[in-house]
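The values are calculated or read from the model by the stated rules, or taken from the named source; none is laboratory data. Since we're looking at a predicted model, the values are computed, not measured. For neighbour counting, all protein chains shown are included, and Cβ atoms are generated from backbone atoms with ideal geometry for every residue, glycine included. For accessibility, only protein heavy atoms count, side chains too; no ligands or nucleic acids. Shrake-Rupley method; radii C 1.70, N 1.55, O 1.52, S 1.80 Å.
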Amino acid sequence: MKYGHKIANRGIPLLLTLLLAFFLPMGIKAASASPEITDERATADYWTQRNSAGDQVILSKEQVKEVNAGLRSRNDTLADLAVLPETVSADEVRQRIENVQALGDFDTAAVPDLYKNGSGLTSYSYSFAHKNCNLSAIPETANIRYGVVTRRANLRLLPEATGWFESAGDTHYDTLQATALDPAEPVAVLLDSYDKKFSFVRTRFYDGWLAKSDFAETGRAEWDKFAAPASFAVVTANKKTIANADGEGLLFQMGAKIPLTADKKLLLPVNDNGTLRTEQIKAAFDDTLHEGFLPCTENNFVRQGFRFLGDVYGWGGLDDSVDCSSFVGDVYRSMGIELPRDADQQAKSMPRVVDLAGMNEDERLTALYACRPGTLLANNTHVMMYLGQDDAGTPIVLQSMSSWFSFSGGYAKHYLRKVIASTATFLNASGTPYINGVRYLGSLR
């Protein structure tokens with residue numbers, strides 16, 4: 001399965017559990033407490049005060065653009081929407097829809113062992129979700145339509161609003177969830193669903209199905225104000241609610257871009273029966289809203305990361321929050337750097353990548369100690385952000401953690417669902433230091 005931030009939360013098979021129970025007494029380290037750090041190391045000041053050069057700009061605005069171009073060249077999930085062609089072939093639309101289905105293992109005829117509304121997913125529900133993809137209606141050449149998200153919205157792997165879960169009582173880990181989109185996010189519309197309630201869209205970092213009630217369509221010239229704004233504000237808080245003229249609160253997450261008018265007013269999108277209307281609200285710049293991107297500095301990676309501390313883990317952006325990959329993605333995009341959405345793609349797409357394959361624990365730690373704050377530690381299922389070494393020389397990271405494992409008195413999985421500071425050596429599901437399961441270290445330099 002390629003959907004990085006999903007696999008991280010799969011349960012451990014019974015056989016592995018029995019093997020863990022067998023080997024732990026033979027010397028594998030035991031853990032009985034959460035890996036969360038709550039002392040002074042869990043503050044931004046602890047790290048910024050240790051880094052005398054931490055406020056030096058490491059990438060100029062032009063260099064940020066160059067980095068983004070490089071990221072797009074190394075990862076085909078990223079797109080510069082402003083330069084998309086006006087038409088797309090039927091083969092490409094079909095392939096993109098099928099690729100998204102495959103992300104959730106929904107590209108097979110077999111009905112998955114999942115639950116919908118607390119009951120087993122039926123063959124009818126599964127087959128209708130596929131029928132709703134409307135593949136037979138794709139024109140030979142499709143004209144791209146232009147839309148703007150008008151409220152925080154869920155991008156889906158199939159055109160289905162109701163969640164599909166791995167257990168009857170789960171409400172957090174919806175297997176249909178791709179990611180969340182902020183208001184003012186531009187989308188390129190490729191196809192409508194069979195029931196006309198969804199559209200298949202391209203975004204800057206993902207394809208998927210978006211409810212038509214969550215975005216409004218417009219012409220290219222008006223759309224360009226959102227896809228390529230001349231000036232813009234950037235949300236720098238972990239999340240921020242801005243009221244439109246009707247008093248509706250629009251929820252934005254860190255890194256969201258909002259176009260600015262020439263007189264420094266926010267250009268907010270409104271869904272007027274499916275058509276885009278805009279309204280202007282005076283921008284109030286403060287430590288939650290910045291004119292343009294924040295300077296790209298090591299200390300800003302730290303400060304921005306700690307703004308999420310304690311927030312709930314939000315699978316695919318659910319629960320109005322962040323999972324592991326959207327956490328680091330939002331920190332980076334507040335400084336203008338557009339990372340891929342999924343954990344398995346983020347670190348290995350960076351300008352500088354260290355492949356840890358074949359290294360022992362000491363070699364891995366030596367490689368990590370040479371890294372700068374903001375470096376990503378990633379494998380196929382999880383990603384974390386490096387802060388540095390504490391006074392004892394222990395490597396510390398920030399992460400949005402779904403669960404952790406304990407082994408004292410027997411194997412157990414615990415759902416923490418929280419953004420925390422931890423060591424990079426907390427125990428993974430196999431009972432070994434987490435650094436031993438990290439595949440890539442990815443950084444800007």
* Under 14 Å, Cβ to Cβ, from TYR386 - net charge with Lys/Arg +1 and Asp/Glu -1 -> +4
* Give the carbon-plus-sulfur fraction of the accessible surface of region 292-445 in %, rounded to a whole number; probe 1.4 Å, heavy atoms of protein chains only. => 47 percent
* What does the helix-only formula give at 222 nm for the chain: each DSSP H stretch with n ≥ 4 adding -39500 (n - 2.57), the total divided by the residues, and the result rounded to the nearest 500 deg cm²/dmol? -> -6000 deg cm²/dmol
* Find, among the GluC sites (Glu not before Pro) in region 73-139, those assigned to loop by DSSP (not H, G, I, E, B) with at most 16 other beta-carbon atoms within 10 angstrom. => GLU86
* Just the accessible area per residue of the chain, please: how many Å² with a 1.4 Å probe? -> 41 Å²
* Asked: For the chain, with only Lys/Arg (+1) and Asp/Glu (-1) charged at the beta-carbon, what is the dipole magnitude about the Cα centre, in debye rounded to 20?
  -> 120 debye
* Structure fact -> Between ALA178 and residues 5 or more places away or on another chain, the pairs with built amide H atoms under 5 Å apart involve LEU155, ARG156, LEU157
* **Loop-located trypsin sites (Lys or Arg not before Pro) in region 103-200, at most 13 other Cβ atoms within 10 Å (DSSP)** => LYS196
* Structure fact -> Taking only protein heavy atoms and a 1.4 Å probe, the highest-to-lowest accessible-area order of HIS382, HIS290 is HIS290, HIS382
* From the cross-link list LYS225/LYS265; LYS239/LYS418; LYS61/LYS239; LYS225/LYS282, which pairs have alpha carbons spaced over 20 Å apart? -> LYS61/LYS239
* Exposure ranking of THR236, THR261 by accessible area [1.4 Å probe, largest first] -> THR261, THR236
* Structure fact -> Counting only protein heavy atoms with a 1.4 Å probe and every protein chain in place, the carbon and sulfur fraction of the accessible surface of region 149-290 in whole percent equals 48 percent
* **Between region 233-302 and region 128-187, the Cα center-to-center distance that results, in Å** => 24 Å
* Where does the charge balance sit around THR241 when Lys and Arg score +1, Asp and Glu -1, over other residues with C-beta under 13 Å from its C-beta? -> +1
* Asked: Which FRET efficiency value, to the nearest 0.05, is calculated for THR366 and SER89 with the Förster distance at 60 angstrom and r the Cβ-Cβ distance?
  -> 0.75
* Could you give the alpha-carbon Rg of region 266-347 over 2.2 N^0.38 Å, rounded to two decimals? -> 1.30
* To do: Heads up, I need the accessible area for SER89: 1.4 angstrom probe, whole protein in place, Å², nearest 10.
  => 50 Å²
